[in-house]
Every structure is written in structure tokens, then in C-alpha cells.
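Structure first, commentary second.
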Amino acid sequence: MNIHFANFWVLHLIWLAPLAGIAWHAIGRRRVARLDRFVSPAMRAKLAPPSSGARALAQNILVCAGLMLGLIAAARPQWGTREETVVQRGRDLMVVLDVSRSMLATDVHPNRLQRAKADIFDLVHDLKGDRVGLMAFRRRASVLCPLTTDYAYFLSALEGAGPWSAPRGETDMGDAILKALDAFGDHAGTHRAIVLVSDGEDLSGRGLEAAGKAAERGVAVFTVGLGNRNGAKIPDEAKTGSAMTYRGEEIMTRLDNENMLAIARATGGVYIPLEVTSTAVTTLGRLYNDHLRKVSARDMEESLMRRRIERFHLFLIPAVALFLAAAFLSRGRLAATSGARAPAAAALCLLALCGTSLAAEPTNTVPSPAAHPGTNTVSETAIPSARKAWRLYSLGRHSEAADAYLAAASAISGDSERLRYNAAVSLYRAGRHSEAAELFRALALRSPRMKAESFHGLGASLEAQSRPGKDADAAAIVSAAETLKQAADAFREGARLERKESSSALAAVAARIPEAEEAALIARLTERFQGAPPDAIASEMLAGQRAVAAAGAAAFTNVTPARITALEEAAAAQKATADLWIPLKAKLLDALAASAGDADTKKRAAQVAETIEITRDRMNTAAGQFRDMDPTALSSAAVCEGAVYAVWKAVASFAPLIMEDIRRQTNAIPSAAPGRPDTRRAEQAECLDLTGLFKQRFSEQVPEGGLPAQAPTDGADSTTNAPPLISAETRQKILELAAEAEAFQDSAVKALDESRADDTVRDLQARAYSTLIEILKLLPPQQQQQQSNEQKEEQQEKQDQQDSGPDRQEEEKQEEAREQQQEENQADKKPETPEDVKQMLQRALQREAEKEQERRSQNEHTPLSPHERDW
């Protein structure tokens with residue numbers, strides 16, 4: 001047990017307890033000695049009551065023990081953990097900053113833009129968990145910082161904002177508002193708001209129209225006006241001390257209060273004018289506290305946190321009891337009679353010993369009925385039914401009580417929430433959980449006063465329904481898992497409404513969800529593959545794993561964000577493929593159990609089960625690596641493919657084996673090209689092994705007399721002389737062709753070992769491929785149709801490669817050489833030193849600065865029409 005002390009420093013004071021006991025004992029002895037010197041024993045017996053040394057010693061020990069326990073309680077001991085749901089609530093605020101040249105006017109110190117930045121900094125200082133984003137606009141709007149809770153990043157983007165942050169041209173508030181709505185996503189709502197900081201000059205005139213669209217989506221626009229209505233000149237950056245001119249006249253920019261007020265009113269927001277020449281009392285921090293906080297918050301993030309359980313009360317209660325026991329041993333009024341002291345002290349000591357169990361009584365999470373309604377809350381006609389229901393509930397006749405409560409609720413036309421709630425509790429107690437859940441759900445949606453209690457009752461009712469019986473079918477198990485998730489959602493709502501029982505119940509239900517989901521997954525897969533043979537499941541798994549490897553390799557060549565989406569899909573496919581081990585494992589173990597029951601078979605079954613679980617864990621690890629965009633996922637997926645392939649070979653029938661043989665022989669032919677000696681022999685040797693397995697499985701599964709036709713399933717006459725699927729002659733021909741293909745493949749392997757001419761190897765491989773195709777043609781039609789589209793595509797790809805000529809082969813050689821060089825460089829790479837990391841970061845910062853400078857240059861050199869106004 002791991003014990004943690006929140007105030008560990010208090011433990012250093014424990015030595016004071018025995019020191020105080022020794023000092024107390026010494027002071028008592030000294031007091032008695034002084035009294036003996038001052039008064040004779042005979043006189044002392046008459047003047048003072050007799051003292052007991054044993055009682056004083058016991059009192060001293062009780063006080064010292066109580067002091068030690070009290071200090072331990074003050075240190076706040078903690079052990080064990082519990083899960084608590086932590087919900088972070090907040091708003092989405094998009095700050096839209098005008099960076100046009102008119103914001104450089106100095107009627108606000110030091111200028112409008114710098115003052116706006118200072119006020120936005122003040123706004124961010126008051127944010128509490130809200131997400132905030134930054135957008136700059138002139139002719140068009142540009143997102144400088146997406147919605148985030150990283151306020152340091154937001155302030156860094158704000159610091160770099162200026163006229164260069166957006167394309168130059170006529171100020172367009174409409175585009176800024178529409179771009180802000182797009183930044184929120186498709187689900188804008190009342191928890192989102194736009195803070196528009198500008199001088200109000202909308203040269204495009206589209207701001208009010210865009211505000212109407214914001215109002216339709218429920219997004220309020222809070223406008224902040226900067227500047228003076230009397231107007232100010234715009235400084236000319238090209239000529240120090242001069243003002244900008246348009247058509248020979250100096251430009252005067254004025255705060256447009258009317259436009260800013262109209263935009264705010266159209267969306268239900270507020271307009272804050274800051275038309276002063278110095279620092280104002282009104283700031284954006286006050287705007288947040290006075291107005292933006294009224295924007296409804298939403299749940300931004302929810303997580304389960306493990307917290308240590310406080311155990312201080314286990315020491316505090318005994319400490320208090322020991323102090324009281326010591327007080328009862330005193331010679332004052334608390335002592336009462338001498339005969340009562342010992343029983344009282346013993347009782348308090350007993351209380352100290354059992355204080356742990358009294359303090360640790362568990363909280364009841366089962367819904368409890370509301371108080372019995374009096375005559376002031378129920379109409380005259382409903383009073384008898386309500387009283388009857390209460391009596392029935394008290395007697396344990398819960399089903400009858402539920403009916404009585406519902407009858408009382410239907411007898412009144414006013415407020416019947418409490419009666420219906422009691423009816424739901426009675427239904428829960430009676431085991432009618434489905435009816436109770438429906439009633440609790442209706443109350444949770446319609447009753448604000450009893451919302452927390454109703455959500456808790458709903459969660460308890462759903463949790464009771466989420467326990468399938470022993471003989472439950474797959475549908476019931478899947479439904480139980482979904483019901484358990486709904487119960488967790490209901491308890492979560494109750495916890496948000498500050499009902500303590502819901503928090504503890506949520507932790508318990510959340511701990512059951514992974515097990516329930518696993519059971520539901522097993523039930524679904526078992527039902528899906530109930531009649532499927534093991535080789536069919538293994539074939540599907542192998543195809544899925546190969547698809548995952550191919551998709552992952554393609555995903556890592558994409559760019560973000562396309563890479564993110566592709567890797568998430570690869571991770572999901574990898575997880576689904578790993579889950580196929582569940583039905584395959586069951587069928588393999590059943591087959592082993594049916595074959596024999598000796599000790600060797602049981603040992604082999606245990607080894608198979610262990611190997612399957614290890615491979616499944618590796619596949620789930622690869623899924624996590626794909627999700628984390630870890631390049632090592634490719635190697636993990638390749639290792640998993642090898643494990644799946646080995647299992648597939650062990651269970652595959654002859655038809656899949658011949659198709660896999662053809663597929664690999666197809667890939668082996670172009671592998672005879674120079675430059676790949678490492679894979680040529682391995683691939684050809686695997687083809688040879690597959691052909692041998694095909695011969696073995698075909699001989700075992702097809703008897704010497706051939707394979708007869710299958711019995712008709714459409715009610716036709718079964719006595720009809722249908723031709724056999726595989727005749728004895730066809731069987732013999734297939735075995736001869738298999739031996740011939742095996743000979744060609746063996747010769748190809750030997751030729752590769754002896755490093756013969758590539759033309760010789762390619763000829764042997766081509767002859768083996770043609771022989772395998774002849775075997776496939778002799779198989780029954782249904783076996784031929786199992787040849788997958790993937791194999792046909794690979795054959796076409798092979799043909800395309802052969803038709804591409806020497807140029808294509810030369811390109812492949814160059815590509816392979818580059819990959820090999822990269823691998824060598826990676827292998828020879830030395831561990832990075834701190835200096836290397838520093839240089840790498842400096843280069844990254846330099847590239848970022850160059851990119852930012854390029855973006856600024858593009859914005860500043862955006863072409864303008866001859867009559868377009870750039871301020």
C-alpha cells in the first residue's frame with residue numbers, strides 16, 4: 001500500500017507528543033514533591049482529594065496518543081485512488097482585429113492598432129479556460145491563431161500582427177465576420193462569440209450583411225470601436241511625418257459608431273466605444289467580465305482523473321475520542337462520579353477503535369424516494385393515493401407503490417414531478433428498470449428542479465439493465481454495452497449538476513465499460529463467423545493486414561492534413577484486423593480440443609493461445625503507432641503480417657494456397673531483374689513451399705476417387721447423375737502438374753543459388769507460373785472464382801512492368817539505390833548532441849521567419865485596382 005502525506009512536514013512535529021508527555025509527567029511529579037514539602041501527609045489528606053498515580057499516567061498516555069494521531073491527521077494521509085470526472089467548460093471567442101492603415105492613426109495613444117493589442121492582452125488575461133483565436137483583416141481576413149487555450153501562443157501571434165498580416169486593399173468587415181464563422185466550424189452556437197476590434201470604417205459595406213448571417217447561426221458579435229469621431233490623419237509609412245493622400249487630398253479616418261453599433265445589435269452583441277486620447281477606464285477585460293461571461297459556456301473537455309483518497313478522518317476521529325477519554329479521567333466536573341469514569345473512558349476508547357468503520361460507510365448510489373408529499377403540495381383528490389403509495393413503499397410492495405404514485409400524479413393538474421419521481425424510484429426497486437428509465441428520462445428533460453436526481457436515477461436504471469444473463473445472445477450483449485454507455489452519460493450529467501452519488505457511480509460504471517465493449521465485440525464477431533471455417537477467417541485477416549500495410553505506406557507519403565486522415569483510417573483498419581483473432585482463436589482451440597485430449601494437445605493449445613494473444617497485442621500496438629503518426633508502425637505492421645501469414649499457411653485449404661502461390665510467383669518473376677539478390681531467392685523459395693503445401697492439402701482433402709458433386713439445395717432431385725466436382729483423372733492430372741511446377745520452382749531456386757544467368761531464372765519462373773495457371777483451370781468453377789481482384793490487379797501490374805521496357809527497370813534501380821543510401825545514412829547517423837538539437841531548432845526558426853517574411857511580402861504587394869482605396 002503506497003501511503004502519501006499531503007503535508008509531510010507536519011510529521012516532523014510528532015516528536016513533540018512524547019516530549020509533551022514527559023514534560024507533563026515531570027511537572028506532575030514536581031508539583032507533588034512541592035506539596036509534600038509544604039504540607040504534611042495527614043493535613044494534605046484533609047485539604048485535597050486523594051490523587052491516583054495510575055489515573056494520571058493513563059490520562060497522560062491518552063493525551064499523548066491523541067496528540068500523535070491528531071498530528072498524523074494534520075499531515076493528511078492518503079492512500080488508494082478513485083476516478084473523478086473533470087469537466088472543463090468554456091467559450092469559443094474569435095478576436096477579429098482590423099490591421100488596415102487607418103488603424104495607424106494616432107488619435108488613440110500610441111496609435112489605434114497598438115492600443116487594440118494592449119486591450120486584447122487585457123482580455124486574454126481574464127480568460128478562464130475559454131478558447132480564443134486571432135484573425136487579422138484588411139481586404140481579406142487571415143487566421144493568425146486558430147482557436148486554442150494556449151494563451152502564450154495567441155499572444156505571440158498578436159504581438160506580430162500588423163498591416164502586413166493581411167492582404168492590402170479596401171477594408172472588408174463582411175469577409176472578416178464570415179471567415180470567423182468558418183473558423184468556428186459547422187456547429188456554431190450560443191457558446192461562441194466574435195470580438196470585432198476596428199475603427200468602424202467598412203469600405204466594402206458588407207459588414208451588416210455578414211452580421212445577419214452570424215445572427216442566424218446564433219453567434220454574437222461584440223464590437224469595439226477605436227478612434228475619434230472628429231477624425232485623424234493616417235501616417236504615411238513611406239514619408240516620415242507626412243500623411244497618406246488620396247487623389248491629392250489628405251485622408252481623414254473617423255470612428256464609425258453607427259456601423260459598429262448596428263453590427264452589434266444585429267447579432268445580440270454589445271458595442272464598446274473607446275474614443276479617447278489616452279488610456280481608458282473601459283477595457284476589454286471589463287468587456288469580458290460584464291458581457292462575454294454571459295455567453296453560455298459549453299463542455300470543452302472531459303476527462304477521468306485519478307485522485308488520492310483522503311484518509312485523515314481515520315486518525316482524527318480516534319484522536320478526538322482519546323482526548324475526550326482523557327477529559328473523563330480528570331478530577332473536575334467532567335469526571336462525574338468515580339464509578340462512571342471507567343465505563344465512559346472505555347466507551348470512548350471503543351469509539352476510537354471503531355472510528356474507521358463509522359467514517360468509511362459507503363455512499364448509497366441507488367435512487368431514493370423524495371420526501372412524502374404533504375397536503376400543501378398535493379390536491380385533495382390525490383392525498384389518499386399519495387399516502388397509500390408511501391405506505392406500500394414502506395412495506396416493500398414497490399410495484400404497487402409505483403402504480404399508486406402514478407395514479408396520484410394523474411389526479412392533479414399541477415406540479416406532479418415529485419410523485420412521478422417517487423413512482424420511478426418504486427419501479428426501480430420493483431425491478432421494472434426499463435419503465436423506471438423511461439420515467440426518469442422524461443423527468444430529466446422536463447423537470448429543472450429534479451434534474452440531478454432524475455439523471456442519477458436514469459443512470460442507475462440503465463446500469464441495472466446493462467447486465468446480460470448467462471444465456472444472453474449476441475444482440476443482448478451488444479445492447480447491454482450500449483446501455484452501459486448511456487448509463488455513464490446519465491451519471492455524467494448528474495455529476496455536472498453536482499450530485500455526489502453520480503460522481504462515484506460514474507467512476508464505477510466507467511471501469512466496467514471496457515470489459516462490456518470487449519464482450520460486445522466478441523459476441524458480434526462470434527455471431528458473424530459462426531459458420532465460417534478457420535481458413536476463411538485467416539484469409540480475410542491476411543488480406544486485411546496486407547491492405548493495412550499498403551495503406552500505411554501510402555499514408556506516410558501524404559502531406560498533412562491528408563496524412564492524418566489516412567493514418568487514422570489505417571489505425572482503425574489495423575484494430576479491426578486484430579479483432580479477427582477472437583473468432584479464429586476460438587475455432588483453432590476447438591479444433592485442437594476435438595482432435596485429441598492428451599497432455600501434449602493441451603500444451604499445444606496453450607502455446608497457440610499465447611502466440612495469438614501476443615500477435616494481437618502487437619497489432620493493437622501498431623494501430624496506436626499509426627494513430628500517433630509513428631513511422632515505426634510500418635515495420636510493426638510488416639511483422640504482424642508475417643505472423644498472420646504463418647497462421648494462414650497452417651490452416652489454409654488447397655484452393656487459397658494455389659492462389660497465393662500464383663500471386664507470389666507473379667511477384668517473383670520481375671524480382672529476377674538484377675539488383676535485388678536478397679529477395680529473389682526468398683520469394684522463389686516461398687513459392688516452392690506453397691506448392692508443396694498445395695500437393696499435401698489437395699491429396700488430403702480430395703480422395704483418390706475424386707470429389708463428388710454437392711447435394712442440391714433447391715429441392716431438385718438428388719438422384720440426378722451430376723458430374724463430380726473433381727474426377728479421379730482430374731485429381732491425378734492436378735497432382736502431376738503440381739509436381740511439375742514444384743520441379744520448375746526448385747530448379748529456379750538452385751539457379752539463384754548458383755548465380756546463373758537471369759534469363760535462365762526468368763524462364764524457369766515463367767514455366768512454373770504457367771503450370772500453376774493450368775492447375776487453377778482444372779479446379780471447380782467455384783474455386784476459380786475465389787481468385788481475388790487483388791490478384792488480377794497484380795497480374796496486370798506485372799504485365800505493365802514487363803511492357804514498360806528497360807527505362808522502367810532503370811528507374812526502379814535508381815529508386816532502390818536511393819532508398820539503400822538513405823538507409824545507410826540513417827544507420828550511420830550518430831546520436832544527436834545538445835548542440836545538434838540547438839542548431840536544428842535554429843534552422844527551424846529561420847525557416848519559419850523566412851516563411852513569415854514571404855507571406856508579409858505577398859500581402860504588401862497584392863495588386864490593387866486603380867480606384868481601390870487601401871486604408
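The values are calculated or read from the model by the stated rules, or taken from the named source; none is laboratory data. Everything quoted here is computed from the prediction, not taken from an experiment. Because the Cβ atoms are built from the backbone with ideal geometry, glycine has one as well, and the counts that use them run over all protein chains shown. For the accessible areas, the whole protein counts, side chains as well, though only heavy atoms, and no ligand, DNA or RNA atoms are used. Shrake-Rupley method; radii C 1.70, N 1.55, O 1.52, S 1.80 Å.
Remarks
- Heavy-atom accessible area order for 246, 153, 271, 421, largest first, 1.4 Å probe: 153, 246, 271, 421
- Ranked order, 449, 618, 432 - accessible area, probe 1.4 Å, largest first: 449, 618, 432
- Taking amide H as placed 1.01 Å from N in the peptide plane, the amide H of residue 272 sits under 5 Å from that of 223, 224, 225, each at least 5 places away or on another chain.
- Gap separating the Cα centres of the stretch 489-549 and the stretch 730-768, nearest whole Å: 49 Å
- Accessible area of the stretch 429-538 belonging to carbon and sulfur atoms, whole % at 1.4 Å probe: 50 percent
- Note on residue 475 and residue 729: with the Förster distance fixed at 56 Å, the Cβ-Cβ geometry gives a FRET efficiency of about 0.65.
- Pairs from 485/603; 451/485; 695/750; 649/750; 649/733; 128/233 whose Cα-Cα separation, in the structure shown, is over 28 Å: 485/603; 128/233
- Exposure check, 1.4 Å probe, all protein chains in place: residue 575 carries approximately 80 Å² of accessible surface.
- Net charge contributed by nearby residues that have their C-beta within less than 13 Å of residue 487 (K/R +1, D/E -1): +1
- Ranking by accessible area, most exposed first, for 611, 267 with a 1.4 Å probe: 611, 267
- In this view, the solvent-accessible surface of residue 659, computed with a 1.4 Å probe and all protein chains in place, comes to about 20 Å².
- Taking amide H as placed 1.01 Å from N in the peptide plane, residue 7 has its amide H under 5 Å from the amide H of 76, each at least 5 places away in sequence or on another chain.
- Using a probe of 1.4 Å, the accessible surface attributed to residue 763 totals some 80 Å² when neighbouring protein chains are kept in position.
- Taking a Cβ cut-off of under 14 Å around residue 239, the surrounding Lys, Arg, Asp and Glu residues balance to a net charge of -1, with basic ones at +1 and acidic ones at -1.
- Under a 5 Å amide H cut-off, with hydrogens placed 1.01 Å from N, residue 145 pairs with 134 among residues at least 5 apart or on other chains.
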